[in-house]
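The values are calculated or read from the model by the stated rules, or taken from the named source; none is laboratory data. Computed from a prediction, not measured in an experiment: that's the story for all the values here. Here Cβ is always computed from backbone atoms with ideal geometry, including for glycine, and neighbour counts include all displayed protein chains.
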Amino acid sequence: MNDGPNDARPVAPYTAIDKTGAPYLIGSRCSACSATHLGYFENCPKCGVRGEVSEVRLGDHGVLYNFTIVHRSLPGVKVPFISATVDLDGGGTVRGNLLEVEPDPAKIPFGMPVNVQFRSASIAVENGDGYIAHFFVPADRGARAR
Amino acid sequence: MSNDVYIVGIDMIRFGRFDDAKPETLAAQAALMALDDCGKTIHDIQAIYAGTCNGTMMGQRMLHYIGQTGVPVVNVTNACATGATAFREAYIAIKAGIYDTCLAVGSEKMGKGMLVPKNSGGTPIPTEGLTGSGVMPAVFAQMGMEHTRKFGTTFEQFARVSEKNHKHSTLNPKAMYQKETPLEMVMEAEMIAYPLTKLMCSVNVDGSAAAVLMSEKKAREAGLMNRAVRVRGSGLASDPFTERNLVMQDINTVTRLAAKQAYEMAGIGPEDVDLVELHDCFATAEIPHYENLGLCAEGEGGSLLDSGATRLGGKVPVNVSGGLLSKGHPLGATGIANIYEISQHLRQEAGSRQVEGAKVGLTHVVGLGSASAVHLFEKA
């Protein structure tokens, strides 16, 4: 479920919108080495094979691999925020803001399950109206709220 | 006679903020200081390798201030590995037998504040802060947090790196800052990106450093072997593919690759190293780099720091210069400034911060994107 306005544009180049209007993350999978990468690649950055990489829809669930809590950022960016690195189920790693968790390192366990959700960019940056971006929410709470 | 390559002259300006300077005027100062260090002039230099991260043709412009001799100039840029890369190019040229005397110079005129990646993704609005953070403090905060995840390294341990290096800097008259920062002060400073406080981030300063390199034959002829420092190993790597590198920059693997090259070339191991200048652009980086450079086993970086082994007086002092954290980090100059520090110790000319009996020293830098250079040096 996503609550961005229907005509909102995705910000990240590795985002697409399917026929039902649902945004998703684009990945590339190499048929030679089976590596999955975030975004579009013509050739595989892992094994270097040419032309054996196909576009895939990445999963919308994963686990938190790493994070930092950013307290000082650029003008227009709402702080503090949690910058999270998430390993997606089915392959691919993506970075994004982790929402609905207190920005306290003691309350952010490595390995916590998260869902990928698309929301208005305006929740993170001042000039975000009209755009959507992917965010992470804890998998349990995200399921309850929606 | 061997075909080894030697540093015969090396120096750096005291890092600081020089509002009226340009990269080339800073480079010119360091170049003349390095030439003076070995009693040579610009007319003795056969080729120049000049590093800076902002702009090109800095080397040629430097010559406007010290003598346009018409020699080949190669301008090098490789992020924070720029200076070390320029040095390595000079080394390679002499090793190849093309020249016998080269100058490597690195210089940077820095802006104030945080380094922010350009919005190069062609996105309609900037993604910084919207899809996580790619600013340098956040990148290196995650480097630390990955170590925490794997080995339980604490905020306090990372902060102690900064306490240590700031303490070292009080003995270095060329450091930007020469002030002690007690552990509590480091931990209570403004949080930038957890676990990095402001005092755990390197200082954006202006600076330059330069080295004159010679073949063994030339150095002997010139009577410069007395203070010469032999390049034992030179490694340079780009980041190989690793699982998350395209999203979360992997600073470890690239360092290990460069270190392996340098150790293999030198035919020595980490146990032979007496002191290290490593890339502590942020305090979180130093502990993982102990492991990346083989100073301790995997996962033991935190306890190596706690043991005091990496302090001045310890078994293998690290960043006795004050490191990038306190000496300052003018990107293109850093790689050669690290080599200057090691050279001073190997020459027994490091004054009150001298590492007693230092025979072999290691320098390490990482430029994000990524490039890592590791060099090993020994007194001739």
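For the reader, a short list of remarks on this structure follows.
- Some residue of region A:26-44 being surrounded by 15 or more Cβ atoms within 10 Å (Cβ to Cβ) and touching a residue at least 60 places away in the same chain (Cβ under 8 Å): yes
- Residues that are within 20 Å of the chain's Cα centre (by Cα) and within 13 Å of chain A (Cβ to nearest Cβ) within region B:236-250 comprise B:Ser238, B:Asp239, B:Gln249, B:Asp250, listed in sequence order.
- Of the residues making up region A:97-108, those that are buried (at least 16 other Cβ atoms within 10 Å of the Cβ) and within 11 Å of chain B (Cβ to nearest Cβ) are A:Asn97, A:Leu98, A:Pro103, A:Pro105, A:Ile108.
- Criterion: within 30 Å of B:Gly39 (Cα to Cα) and within 21 Å of the chain's Cα centre (by Cα) - qualifying residue of B:Asn165, B:Asn172, B:Asn226: B:Asn172
- One residue stands out in region A:110-120 among those that are more than 10 Å from every other protein chain (Cβ to nearest Cβ) and of a type outside the set (S, T, N, Q): the one that is farthest from A:Gly39 (Cα to Cα), namely A:Met112.
- If the condition is being hydroxyl-bearing (Ser, Thr, Tyr) and over 20 Å from the mean Cα position of the chain (by Cα), then region A:23-44 contributes A:Ser31, A:Ser34.
- Residue list for region A:102-118, restricted to those being within 17 Å of the chain's Cα centre (by Cα) and farther than 22 Å from B:Leu130 by Cβ: A:Phe110, A:Gly111, A:Pro113
- The set of residues from region B:188-226 being within 14 Å of chain A (Cβ to nearest Cβ) and touching a helix residue (DSSP H, G or I) at 6+ places or on another chain (Cβ under 7 Å) comprises B:Ala189, B:Glu190, B:Ile192, B:Ala193, B:Tyr194, B:Pro195, B:Leu196, B:Thr197, B:Leu199, B:Met200, B:Cys201.
- Residue ID - nearest to B:Gly369 (Cα to Cα), chosen from residues in region B:132-142 that are touching a helix residue (DSSP H, G or I) at 6+ places or on another chain (Cβ under 9 Å) and crowded, with 24+ Cβ neighbours inside 10 Å: B:Phe140
- Of all residues in region B:129-184, exactly one satisfies the criterion of being within 19 Å of B:Asn252 (Cα to Cα), more than 9 Å from chain A (Cβ to nearest Cβ) and among the basic types (Lys, Arg), namely B:Lys150.
- Yes/no for B:Ile339 being modelled with pLDDT of 95 or more and either touching a Ser or Thr at 6+ places or on another chain (Cβ under 6 Å) or within 14 Å of chain A (Cβ to nearest Cβ) (or both): yes
- Exclusive hit being touching a Lys or Arg at 6+ places or on another chain (Cβ under 9 Å), outside any helix (DSSP H, G or I) and more than 17 Å from B:Ile10 (Cβ to Cβ), set B:Val374, B:Val366: B:Val374
- Cβ-Cβ distances below 7 Å connect the following pairs, each with a first residue in region B:222-248 that is farther than 24 Å from B:Met265 by Cα and part of a loop (DSSP other than H, G, I, E, B), a second residue that is among the aromatic types (Phe, Trp, Tyr) and modelled with pLDDT of 95 or more, and a separation of six or more residues or different chains: B:Arg244/A:Tyr65.
- Residues in region A:84-140 that are of a type in the set (D, E, K, R) and touching a Gly at 6+ places or on another chain (Cβ under 8 Å) were compared, and the one that is farthest from B:Glu146 (Cα to Cα) is A:Glu126.
- Answer from B:Met214, B:Met185, B:Met225, B:Met265 - the residue that is surrounded by fewer than 18 Cβ atoms within 10 Å (Cβ to Cβ) and within 30 Å of B:His43 (Cα to Cα): B:Met225
- Taking the criterion of being free of Cβ contacts under 8 Å to residues at least 60 places away in the same chain and buried (at least 24 other Cβ atoms within 10 Å of the Cβ), the residues of region A:83-96 that qualify are A:Ser83, A:Ala84, A:Val86, A:Arg95, A:Gly96.
- You will find that of B:Ala358, B:Ala309, the residue that is over 20 Å from the mean Cα position of the chain (by Cα), surrounded by fewer than 24 Cβ atoms within 10 Å (Cβ to Cβ), part of a loop (DSSP other than H, G, I, E, B) and small (Gly, Ala, Ser) is B:Ala309 and no other.
- In the set (1) surrounded by fewer than 19 Cβ atoms within 10 Å (Cβ to Cβ); (2) facing chain B (nearest Cβ under 10 Å); (3) closer than 26 Å to B:Phe155 by Cβ, the condition left unmet by A:Ile123 is number (3).
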